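Read through the structure below, which is laid out as structure tokens, and then see the notes.
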Amino acid sequence: MLARAVEYVSRMVNDSTSSWGAAPAAPAGPLIDIGINLAHDSFDSDREAVLERARASGVVQMIVTGSSLQSTRQAIELAREHPRRLFATAGVHPHHATQLTRECLEELHHLAAHAEVVAVGECGLDYFRNYSPRAAQQEAFHRQLELAAQTGKPVFLHQRDAHDDFIAILREHRPSFTGGVAHCFTGSAEQLASYLEHGLAIGVTGWICDERRGRNLLALLPQIPADRLLLETDGPYLLPRDLDPKPASRRNEPAYLAHIAAVCARARAEPVSALGASSTAAARQVFRLPGIDWK
Ligand SMILES: [Zn+2]
């Protein structure tokens, strides 16, 4: 599988005539994957190889998503092991909202203060799955927006099938926190407009590569200002469906970010190098990341 992924990446870098022709010889890099669940156990056996492939494909920095106390601790650990390349978020996903007891919240405050942590979240509302009751989700969302305000760090937001409640809570807190990203945006034109109005950046994933579900989003891409458009894989989830050749594994990883960038650039009718440069600059601005030498 390693060999196939390396072959895939080198093809992506070298073959400007491939079926997704927007990828140029020197592709979109340097890129930043603003949402990778690298603490996920599917990466346990080969995490370093995944990072190496990311680097080879031009992904120079990554933000490792914390979605529970445990994955937040792991994300911070990973960021410590890879200074200036990996960063962490500190948060509790709405799926796990019932876990955010008073003690957990105290620990989350402690974790969020770490220098490696560049955002609070993943937090928000998910009424699609409702793994935690809605009241618990709302409570956890309020507490984490307060935490973002207290730490002065931006928020990493998740919303699914909960737009109205999500915006109502966001609006309540908006004067006090510094900004953030609506991660894995898959919404409507109206939802996009309201996120932009609230000063949020928009995280775009390989969802746009899904010929069944991604069409609407693809059409909205030109409406996202370049300085608000961020790229993410959300790996190991959301493997782009149109990778060619198809990877042997269903697991998504940061090396495929260049492909997402190419699809995104094509939808916006702009050179992938321009999209790469603007999204990298935007990610550094939103999360206050340091620059880094590429290669
Ligand atoms: Zn999410």
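What follows draws every value from the coordinates through simple rules; no lab data is involved. It should be emphasised that the depicted structure is a prediction, and the values quoted were computed from it without experimental measurement. Reconstructed Cβ throughout: ideal geometry from the backbone, glycine too, with neighbour counts over all protein chains shown.
Residue ranges 280-286, 88-94, 200-206 sort as 88-94, 200-206, 280-286 when ordered by packing (mean number of other C-beta atoms within 10 Å per residue, highest first).
Can you give the helix-only mean residue ellipticity at 222 nm for the chain, where every DSSP H stretch with n ≥ 4 adds -39500 (n - 2.57) and the sum goes over all residues, rounded to the nearest 500 deg cm²/dmol? It would help to have the intermediate numbers written out before the result.
On the way: 10 runs with 118 residues, N = 295.
Per the formula, -12500 deg cm²/dmol.
Where Lys and Arg each count +1 and Asp and Glu each count -1, what net charge lies around GLN61 among other residues with Cβ under 11 Å from its Cβ? Value of the local net charge: +3.
Just need the Rg to Rh number for region 2-287, please, alpha carbons only, Kirkwood Rh.
With Rg and the Kirkwood Rh in hand, the quotient comes to 0.95.
Around the Cα centre of the chain, unit charges on the Cβ atoms of Lys, Arg, Asp and Glu (plus for the first two, minus for the last two) sum to a dipole of about 440 debye.
With the charge dipole of the chain set up from +1 on Lys and Arg Cβ and -1 on Asp and Glu Cβ about the Cα centre, the Cα lying farthest toward the positive end among the listed residues PHE141, SER68, LEU275 is that of LEU275. Taking Cα centre as origin and charging only the Cβ of basic (Lys, Arg, +1) and acidic (Asp, Glu, -1) residues, the dipole magnitude of region 193-295 rounds to 160 debye.
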